[in-house]
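A.B. asks: Questions regarding the structure given below will be posed in turn.
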Amino acid sequence: MKSISLSLLISFISFFTVAQSLVINEFLASNNNDIIDNYGEYEDWIELYNPGASAINIAGLYITDDLNSPLLYQMPVGNDSTIIQAGEFLVLWADKDTEQGVLHIDFKLSGSGEQIGIFDAMGNAIDSLSFGAQNSDISYGRSPDGSNNWVFFSETTPGASNINYYLTPSPIAYSFPNTANNSLLITVTANVSWDVTSAVSWLSVNPSSGINDGSFTITVTEANTSENSRNAIISLSGSNVSTQEINITQLGVPVIPTLVINEFMANNNSTITDNAGEYDDWIELYNYGSNPVNIGGLYFTDDLSNPLKFQISDLYPDTTTIAAGGFLLLWADDDTEQGVLHTNFKLSNNGEQIGIYYSQFSKIDTLSYLEQFADTSYGLTWDGGNDWTFFSSPTPGYSNSLGINKNYLTAINTYPNPATNTLFLQTNDNKQKIIQVFNTQGELVLSKTSNLKNPDLKIKNLSKGIYHLSVTSETYRYTSKFIKL
C-alpha cells in the first residue's frame with residue numbers, strides 16, 4: 001500500500017512539475033476576421049505553449065478568465081487533443097460553446113480587458129495574466145515564445161511560434177468629426193525601424209519615422225464641408241515586417257434628424273408586450289419634422305459616456321423609418337435576437353440615462369432620469385416639447401396628449417429661463433414640496449424643501465449649463481429644464 005501511495009505521489013509531483021512549464025503564449029480577445037474555428041466561426045482564442053522537454057496533457061487542468069475563480073472551467077479528460085508535445089503549441093477557443101469540441105472552453109474573452117489563468121487541480125497557479133483593452137484582430141503575446149516580454153502582434157500566429165520581428169500600430173481605425181485641427185496619437189509597438197506615409201492632403205503625420213517602440217500623431221488639417229464622409233489609409237512600413245494600415249474616416253457635416261425621446265417606461269410589469277409577448281422596457285421616439293426619418297445607422301445608449309453602445313441596423317428601412325409626425329417604439333430588453341428594434345441594454349428603474357447619437361461627436365437627444373415606478377411611463381407633456389411628467393396611462397406608439405393625467409400634472413411656471421442668480425417657481429398649492437436640481441449627468445447639485453406657493457431657488461453658485469428641475473409633492477411630480485447663465 002505504501003508502495004502504491006508513493007508511486008502515485010511521485011506521478012503527481014512529476015505531472016505538477018511538467019505542467020508548471022506551461023505558459024499562456026498568445027491570445028486574441030476580439031476576433032473579427034483573424035482565423036475561424038472548426039465550425040467556421042470567428043471566436044476568441046488562447047494559445048498555450050509547452051517549452052519543456054516532455055509532453056503535457058492539460059486534461060484535468062483548470063482555465064479561467066477570473067483569477068478570483070481559479071476553478072472556473074476544467075479541461076475534459078479522455079481525449080488526445082489535449083496533449084501538447086514538447087516545444088509545441090495548442091489553441092483553445094474561448095467561445096463559451098463547449099459542445100463544439102474538447103478545445104472549446106466555457107467563457108469568452110473581453111476585448112475591454114480582463115484576466116486569463118491556468119490552474120492545477122489544487123488551485124495552484126501555473127500561469128496567469130491581466131490584460132487591458134484589445135484591438136480587433138491584433139493578438140497579444142510573448143516575444144520570443146515563453147519569455148516575459150509581452151507585445152501586440154498585427155500578424156497573429158495561433159498554433160505556431162510568435163514572429164521575431166513585429167510592427168503593430170494602435171488603434172488601427174478611427175473616425176474624426178468633420179471639423180479641422182483634430183488629432184490622434186498612434187502608439188507603435190515594434191522592434192524594427194519604421195516609416196509613416198499619408199497619400200491625402202487633408203491629413204498630416206508627425207513624426208514620419210521611428211525606431212522600435214514609439215508613437216506618431218495624425219492631424220486633420222482641413223474641414224470636410226460635404227455631408228458625405230471621406231476615407232484615407234495611413235501606411236506604416238518597416239524592415240522584415242508586413243506594411244500595416246490605419247484606416248481613417250472624417251465624417252461629413254452631420255444632418256441631425258428631427259427626433260426626440262418622447263416617452264419611456266423603465267418598469268414594465270403589465271402595460272404592453274413586445275413582439276415576443278414579453279413585458280420589456282421601452283423607449284418611444286417621435287419624429288417632429290415634416291419628412292420621414294430612418295433611424296437605421298443611429299446609435300442608442302443608456303450611458304452617455306458610451307454614446308455608441310448600440311447601433312440600429314440599416315438593413316430594414318421599412319421597419320426603422322418613422323413617418324412625419326409619427327412614433328416608433330424601441331424595446332430596451334438586451335435581446336437583439338428578437339428583432340431590429342430590440343436594443344442591447346435594459347433601462348434601470350432606479351434612474352440612469354438615455355441618448356440618441358448620429359455619431360460619437362453628434363448628439364440628437366439625451367436625458368437623465370430619476371427613479372421610475374411600475375407601469376408608469378415618463379414622457380414629454382406635449383409631444384416634442386420641453387417639460388416631462390409621469391403618465392399613469394402610458395401611450396406607447398401614440399401621442400402623449402392622450403395620456404395626460406391631472407394627478408400627475410400640475411401647473412408650475414418657472415422664470416426667468418435662462419436664469420443667472422435666482423429661479424422663481426409659481427405653483428398652485430401650499431403643500432410641502434421637495435425641489436431638486438440635477439445636472440445633465442443625473443447628479444443632484446441643489447435641493448430644498450418648501451411649503452410656499454411661490455418658492456425661489458438660489459442658483460448663483462451653479463456652473464453655466466443646462467439643468468433638470470424636479471418638484472415633488474405627495475400628489476404630483478413636475479420636471480423641466482432650465483439654463484444657468
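The values are calculated or read from the model by the stated rules, or taken from the named source; none is laboratory data. Since the structure is predicted, the reported quantities are computational estimates derived from the model, not experimental observations. Here Cβ is always computed from backbone atoms with ideal geometry, including for glycine, and neighbour counts include all displayed protein chains.
A.B. asks: Which of the residues belonging to the stretch 444-474 are touching a Phe, Trp or Tyr at 6+ places or on another chain (Cβ under 9 Å) and of a type in the set (Val, Ile, Thr)?
C.D. replies: Result: 445, 459, 466, 471, 472.
A.B. asks: Out of 144, 171, 158, 177, I need the residue that is in contact (Cβ under 8 Å) with a residue 12 or more places away in the chain, in contact with an Asp or Glu (Cβ under 6 Å, 6 or more places away or on another chain) and not aliphatic (A, V, I, L, M). Which one?
C.D. replies: After ruling out the rest, the residue left standing is 158.
A.B. asks: Could you say which residue among 72, 92 is within 16 Å of residue 35 (Cβ to Cβ), in the same structural domain as residue 41 (by TED's automatic domain parsing) and touching a strand residue (DSSP E or B) at 6+ places or on another chain (Cβ under 9 Å)?
C.D. replies: Criteria check complete, one pass: 92.
A.B. asks: Hey, another quick one. May I ask you to verify whether residue 162 is in contact with a Gly (Cβ under 9 Å, 6 or more places away or on another chain) and not assigned by TED's automatic domain parsing to the domain that holds residue 22?
C.D. replies: yes
A.B. asks: I would also like to ask the following. Do we find a residue being farther than 23 Å from residue 334 by Cβ and either modelled with pLDDT of 95 or more or among the polar types (S, T, N, Q) (or both) anywhere in the stretch 295-314?
C.D. replies: Taking every residue of the stretch 295-314 in turn, none turns out to be farther than 23 Å from residue 334 by Cβ and either modelled with pLDDT of 95 or more or among the polar types (S, T, N, Q) (or both).
A.B. asks: Further question on the same structure: Quickly run through the stretch 141-155 and pick out the residues that are of a type in the set (Ser, Thr, Tyr) and not in a loop (DSSP other than H, G, I, E, B).
C.D. replies: The answer is none; no residue qualifies.
A.B. asks: Within the stretch 348-362, can you find the residues that are modelled with pLDDT under 95 and either of a type in the set (Phe, Trp, Tyr) or part of a strand (DSSP E or B) (or both)?
C.D. replies: Within the stretch 348-362, 358, 359, 361, 362 qualify.
A.B. asks: Please go through (1) assigned to a loop (DSSP other than H, G, I, E, B); (2) within 28 Å of the chain's Cα centre (by Cα); (3) among the polar types (S, T, N, Q) for residue 386 and return the number of the only condition it doesn't satisfy.
C.D. replies: (2)
A.B. asks: Follow-up. Of the residues that sit in the stretch 300-323 and are assigned to a strand (DSSP E or B) and under 14 Å from the mean Cα position of the chain (by Cα), which one is nearest to residue 347 (Cα to Cα)?
C.D. replies: So the residue we want is 301.
A.B. asks: Go through the residues of the stretch 363-380 one by one and say whether even a single one is in a loop (DSSP other than H, G, I, E, B) and farther than 24 Å from residue 273 by Cα.
C.D. replies: Among the residues of the stretch 363-380, not one is in a loop (DSSP other than H, G, I, E, B) and farther than 24 Å from residue 273 by Cα, which makes the answer no.
A.B. asks: Next up: List pairs: first residue in the stretch 216-244 and in contact (Cβ under 8 Å) with a residue 12 or more places away in the chain and more than 30 Å from residue 192 (Cβ to Cβ), second residue among the β-branched types (Val, Ile, Thr) and surrounded by 14 or more Cβ atoms within 10 Å (Cβ to Cβ) anywhere in the structure, Cβ distance under 6 angstrom, at least six positions apart or on different chains.
C.D. replies: Close Cβ pairs satisfying both conditions: 223/179; 227/253; 229/249.
A.B. asks: Restricting to the stretch 248-279, give me the number of residues that are under 23 Å from the mean Cα position of the chain (by Cα), under 30 Å from residue 235 (Cβ atoms) and assigned to a loop (DSSP other than H, G, I, E, B).
C.D. replies: So the count comes out to 2.
A.B. asks: Please work out which residue is surrounded by the most Cβ atoms within 10 Å (Cβ to Cβ), limiting yourself to the stretch 23-64 and to residues that are touching a Lys or Arg at 6+ places or on another chain (Cβ under 8 Å) and under 18 Å from residue 133 (Cβ atoms).
C.D. replies: 26
A.B. asks: If a residue has to be small (Gly, Ala, Ser) and assigned to a loop (DSSP other than H, G, I, E, B) to count, how many in the stretch 71-81 make the cut?
C.D. replies: 1
A.B. asks: Would you say residue 364 is buried (at least 16 other Cβ atoms within 10 Å of the Cβ) and either closer than 30 Å to residue 472 by Cα or in contact with a Pro (Cβ under 8 Å, 6 or more places away or on another chain) (or both)?
C.D. replies: yes
A.B. asks: Take residue 222 and decide whether it is modelled with pLDDT of 95 or more, farther than 30 Å from residue 347 by Cα and charged (D, E, K, R).
C.D. replies: It is true that residue 222 is modelled with pLDDT of 95 or more, farther than 30 Å from residue 347 by Cα and charged (D, E, K, R).
A.B. asks: Within the group 144, 177, which residue is surrounded by fewer than 20 Cβ atoms within 10 Å (Cβ to Cβ) and either among the hydroxyl-bearing types (Ser, Thr, Tyr) or in the same structural domain as residue 129 (by TED's automatic domain parsing) (or both)?
C.D. replies: Result: 144 is the single residue among 144, 177 that is surrounded by fewer than 20 Cβ atoms within 10 Å (Cβ to Cβ) and either among the hydroxyl-bearing types (Ser, Thr, Tyr) or in the same structural domain as residue 129 (by TED's automatic domain parsing) (or both).
A.B. asks: Could you check the stretch 324-347 and list, in sequence order, the residues that are part of a loop (DSSP other than H, G, I, E, B) and hydrophobic (A, V, I, L, M, F, W, C)?
C.D. replies: The answer is 324, 340, 341, 345, 347.
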